[in-house]
Amino acid sequence: MEKARAVAKLKHLRIAPRKVRLVIGLIRGLKVEDAVVQLEISKKSAARPVLKLLNSAVANAKHNHDLKIDTLVIKEAMVDEGATLHRWMPRAMGRATPLRKRSSHITLILEGEVDEKKVKKDKKVKKTEETKKETKKVTEVKKEDKDNK
């Protein structure tokens, strides 16, 4: 069976990367079904956006790459640091201390087997469309020849 990959990215998630990495560490290397169960059970606030991203990656795999959903595995899962918002907290004696509100960029890469039935069906559909276009062109040329006579 031929294997292919599907990618989904989430950028500018306003949760610190350190917190998101805890959730991503739970699902890295798991099958998609197991990962969904893990994320639904998890109490971490980052679990919800990661679950949403995982569902998006599964949809990409199915729609764009014709992958079988049962064979999908989370091959890679990365959390990178996004933009940091700098804010200030007032403190005693007129001072202020910095607050860094961090954001995350998450990348999920799923790997699975290509569904051969769908690929063959798509090729057949494309061939029939091409033959229809060719027959249309031929009939148009014949009509033009008749008009010119």
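Readers should treat all values here as calculations from the given coordinates under stated rules, not as data from a laboratory. These figures come from a predicted structure and were not determined experimentally. Cβ: placed from backbone, ideal geometry, glycine included. Neighbour counts: every protein chain shown.
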In degrees from 0 to 90, rounded to the nearest 10, what is the angle of the helix 17-27 Cα long axis to the longest principal axis of the chain? 60
On each of the three principal axes the extent of the alpha-carbon atoms of the chain, given in whole Å and largest first, is 100, 39, 20
Rounded to the nearest 10 degrees, the helix 47-65 long axis (Cα) sits at an angle to the longest Cα principal axis of the chain of 20
Any idea which of 107, 141, 84 is furthest toward the positive side of the dipole for the chain, if Lys and Arg beta-carbons carry +1 and Asp and Glu beta-carbons -1? 84
Size of electric dipole in the chain: Cβ of Lys, Arg +1 and of Asp, Glu -1, about Cα centre, debye, nearest 20: 740
Pick from 79, 114, 138: which residue has the top mean-square fluctuation in a GNM of the chain where Cα pairs under 10 Å get a spring? 138
What do you get for the angle between helix 116-148 and the principal long axis of the chain? Use alpha-carbon atoms, 0 to 90 degrees, nearest ten. 40
When a footprinting reagent is the concern and you count Cβ atoms within 10 Å, what order do 24, 109 take, fewest first? 109, 24
Compare 46, 61, 83 in a GNM of the chain, Cα atoms joined below 10 Å, and give the one with the largest fluctuation. 83
Among 133, 11, 44: highest mean-square fluctuation, GNM of the chain, C-alpha pairs under 10 Å: 133
